[in-house]
Structure formats: C-alpha cells, structure tokens
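I have placed the structure first, in the form of structure tokens, so that the comments after it can refer back to it.
The values are calculated or read from the model by the stated rules, or taken from the named source; none is laboratory data. Since the model is a prediction, treat every value here as computed from it, not as a measurement. So basically every Cβ, Gly included, is an ideal-geometry build from the backbone, and we count neighbours across all protein chains shown.
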Amino acid sequence: MALPPLDKHGISADVNIWNLPFLCSLIALVLSFLGVLVVLSGHAYFSFSIVLIAVLFDMLDGALSRKLRQESTFGVLFDLLQDAINYLLFPSILFFIEGFDHWTAVPLLCLFIACGIFRLARFGTMGFVQQESGLSYTGMPVYLNHLGVLVFLLLQQSDFHIGFSYVWLPISSALMVSTLRFPKPKNMVLWGAVLIGVSILFLWL
C-alpha cells in the first residue's frame, strides 16, 4: 500500500486506532522494540525469535486491513515506521553488538540504514507495481534483511559472520535502492508457518 492522492485511490485519511489491523501493527511495534532491548542485553538468538513473531503480526495487519476494508493513510504510515525498527534498526544493532563493531563497519551500517529508509519512503510514495504475474516491489523489500540476520547468527559458530557482514550489508543496501522487481509473496499461510518455525528454533537455541 502507498500514500497516493486520497480522492484517486479511496484510502481513508481517518486516524482510527480501534480496529484489529492497528492492534496487529501495535503488537508488531512493541515486539520489535522488545527485540532491540533484548539484543542490547546480549541475547541475540532470543531477540531474533521475538522480532520474527513481530514480522508475523506485521504480515497480519496488512492482510486484515485489506480483508476488512480498513485501509488508511494513518495505518500505512504507522506500519512503515514500525518497519524501520524491525527491519533496519534491529539488524543494525544486532550486527554491531555481536561483533561487527570495527570502525570500518560503521559506514556500512549507516549506509544500510539510509538505504533502508529510502526504500521505505519510496514504497510509501509509489506502493506496489502491478505486473502480469501479480504485485511486485520496486527494490528489495526491507523484510528480506532478516535473511541476512539469520545467516549472520548461524555463522557465528564458525566466526565467518564478520566477513559475511562486509559482503551482505553493501549488497542489501544496493538491492533496497535498486529498481529491480521483487514479487510480493502470495502464500501467507506458508510464510507464517516458516516464521513460527524459525522463531521456535532460535528460542530453543
């Protein structure tokens, strides 16, 4: 969803927080912030488990808003701001806390944040792109940054996670600001099950 002229696309400008989609967005926001606090306390695996559940609620808010026809400009903005914490701030802090803290790493983390914010702002302006195969994103969606977090954490045991960071962060940054098309996932039930499964795995680890 984007933020185009309201009279053209019929998106409500009302600030309505008494609905199920907003509750899901709020839960996602709280869980994302809790994930940041937990990683700051030194529990990287547990924090990742928390933010993956936040991703699940982030998926639900969009699906519910469309199904219940409760889409609004306020809801879109709130969701984008929550995304900045979950998919940009959290990975950056986790990478830094877990060893990617050399002075040469800081510019890459700043680049990552800047490109991610650009990506969110562009999506808020342009929204999805309609193609024959369905809806697509312009540039890599920010939620794919958690794939980088997943690999980073798994590589910690072999001490290759620092080298991976020097490769992943520039690539992720470039993909987020690129004009490449990334298809919007269609099977939300499958992705929800994957999120829950990986979350349980990292909670156990």
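Points worth noting:
For every residue, the table says whether it meets (1) within 17 Å of Q156 (Cα to Cα); (2) touching a residue at least 24 places away in the same chain (Cβ under 8 Å); (3) surrounded by 20 or more Cβ atoms within 10 Å (Cβ to Cβ); (4) among the hydrophobic types (A, V, I, L, M, F, W, C).
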residue: I27; (1), (2), (3), (4): no, yes, no, yes
residue: S32; (1), (2), (3), (4): no, yes, yes, no
residue: G35; (1), (2), (3), (4): no, yes, yes, no
residue: S41; (1), (2), (3), (4): no, no, no, no
residue: S47; (1), (2), (3), (4): yes, yes, yes, no
residue: V51; (1), (2), (3), (4): no, yes, yes, yes
residue: A54; (1), (2), (3), (4): no, yes, yes, yes
residue: F57; (1), (2), (3), (4): no, yes, yes, yes
residue: G62; (1), (2), (3), (4): no, yes, no, no
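- Any hit, the range 192-199, residues being free of Cβ contacts under 8 Å to residues at least 40 places away in the same chain, β-branched (V, I, T), closer than 21 Å to F57 by Cα and surrounded by fewer than 16 Cβ atoms within 10 Å (Cβ to Cβ): yes
- Selection from the range 143-180 of residues that are surrounded by 14 or more Cβ atoms within 10 Å (Cβ to Cβ) and free of Cβ contacts under 8 Å to residues at least 12 places away in the same chain: L154, L155
- Residue in the range 14-21 that is of a type in the set (F, W, Y), under 17 Å from the mean Cα position of the chain (by Cα) and either modelled with pLDDT of 95 or more or part of a loop (DSSP other than H, G, I, E, B) (or both) present: no
- Being modelled with pLDDT of 95 or more and farther than 28 Å from V38 by Cβ is a property that A174 has.
- Residue within the range 113-120 that is surrounded by fewer than 22 Cβ atoms within 10 Å (Cβ to Cβ), closer than 30 Å to D159 by Cβ and out of contact with any Asp or Glu (no Cβ under 8 Å at 6 or more places or on another chain) present: yes
- Where A105 falls short, out of the listed (1) in contact (Cβ under 8 Å) with a residue 24 or more places away in the chain; (2) over 15 Å from the mean Cα position of the chain (by Cα); (3) surrounded by fewer than 17 Cβ atoms within 10 Å (Cβ to Cβ): (3)
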